[in-house]
Structures are given as C-alpha cells and as structure tokens.
Amino acid sequence: MKKLNLPLLVILSLLTMTACERADDDPSATFADDPAEAGPLPPRGNAWVIFGSDTVTAEIADTPEDRERGLMFRDQLPAGQGMLFVFSDEATRSFWMRDTYIPLDIAFLDRSQRVVDIQQMEPETEEFHSSARPAMFALEVPQGWFEEQGIGIGDRAQIVFGRR
C-alpha cells in the first residue's frame, strides 16, 4: 500500500478551496473554457443574459469595431435576441442609433450585472443615450422587451458567455 503525502494533500485541498472561493466572490460573468466541465453553453461569439426565467441570446460586441457597428443596418431583431456590449471597466456609456433601423431598448449593467439604467431608443437618430451610472455592460433588445418581462433598474442578470 502506498503512503499518502499528507502535506501535499493539504496544499491541494487549500488551492481547490481558494479557487472555489474566488469564483464565488467574483460577480463578473460566467466563462467556461473547458467543455468537459461546462454544461450547455451559448454558441461561440454569443452570451446568454439571464434575468430570472427570461433569457436573451445576445451577440457579443467586445471590440471597438464590433461596438461601433452594433446592430446597424439590421431590418429586424427577433424576440429573445439582442446584442451585449462588453467593456473592460465601468464608465458612463453612450450609444446612438445612426444607421440602426429597428427601435431598441438598452439596459446598462454594472460590474455586478445589476441594471443601473434602461432607455428606449428610436431608429435612425443621433441622439446620445448615456447611462445614468457607470456601466460595464450594455444590452440592446427589441423595444419594449424589458417592460414586457417586468425587468427594471436594480434587477440583476447572470451573463453566461460561450466559448471564446
């Protein structure tokens, strides 16, 4: 029978507990890079933005080019679909609707994925819609979606990103 190395087992246990604590304390989005450990995930380049029993499948815009293009030149946005704008820090965010043909709602979410502002945006306008508070995420959906789902300021989402 092999002898167990007790100090090694203690160190491995502590590392495992520390990693779990860090994951639980981190209010940021859920990522799954190892398919073996992941359950179902959104398609690559997409995220699920979950508000209780309501989920939006959102295209991810996380580069300056993707964020600048956003939902421009689209003729429709099906129910349950949207675009999630992802930033590396919290700041006041501003959006406009130039070359965007469909009316949208935009929800600004902070680092903990709590809704800090929701605004309605009309198509093809250059009016700026700035977040009332600093935000790290912005979710665009068809206009009226947040009201229809009863989602408001202070509600919290869970964001699950697909594989990168």
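The values are calculated or read from the model by the stated rules, or taken from the named source; none is laboratory data. A quick note: this is a predicted structure, and the numbers were derived from the prediction, not measured. In this analysis, Cβ positions are derived from the backbone assuming ideal geometry, glycine residues included, and neighbour counts consider all displayed protein chains.
Worth pointing out:
- Gly152 falls short on exactly one of the conditions (1) of a type in the set (Gly, Ala, Ser); (2) touching a Gly at 6+ places or on another chain (Cβ under 8 Å); (3) farther than 26 Å from Pro43 by Cβ, and that condition is (2).
- Yes/no for Val116 being more than 22 Å from Asn46 (Cβ to Cβ), among the β-branched types (Val, Ile, Thr) and in contact with a strand residue (DSSP E or B) (Cβ under 6 Å, 6 or more places away or on another chain): yes
- Test: residue in segment 132-148 that is under 27 Å from Leu41 (Cβ atoms), in a loop (DSSP other than H, G, I, E, B) and touching a residue at least 40 places away in the same chain (Cβ under 8 Å): no
- Just one of the numbered conditions (1) farther than 18 Å from Ser94 by Cβ; (2) in contact with a Ser or Thr (Cβ under 8 Å, 6 or more places away or on another chain) is not true of Phe128: (1).
- Residue that is in a strand (DSSP E or B) and out of contact with any Leu (no Cβ under 6 Å at 6 or more places or on another chain), where the choices are Glu65, Glu127, Glu59: Glu59
- Matching residues in segment 121-142 - criterion: being closer than 18 Å to Ala79 by Cα, of a type outside the set (D, E, K, R) and under 18 Å from the mean Cα position of the chain (by Cα): Ala138, Leu139, Val141, Pro142
- Condition met for Val160 (over 25 Å from Asp75 (Cβ atoms), in contact (Cβ under 8 Å) with a residue 60 or more places away in the chain, assigned to a strand (DSSP E or B) and touching a Ser or Thr at 6+ places or on another chain (Cβ under 9 Å)): yes
- Subset of segment 52-79 (residues that are modelled with pLDDT of 95 or more, surrounded by 10 or more Cβ atoms within 10 Å (Cβ to Cβ), of a type in the set (Gly, Ala, Ser) and over 13 Å from the mean Cα position of the chain (by Cα)): Gly52, Gly70
- Positions within segment 94-118 being over 15 Å from Leu71 (Cβ atoms) and part of a strand (DSSP E or B), in sequence order: Ser94, Phe108, Leu109, Arg114, Val115, Val116, Asp117, Ile118
- Selection over segment 39-51 of residues that are small (Gly, Ala, Ser) and either surrounded by 15 or more Cβ atoms within 10 Å (Cβ to Cβ) or touching a residue at least 12 places away in the same chain (Cβ under 8 Å) (or both) gives a count of 2.
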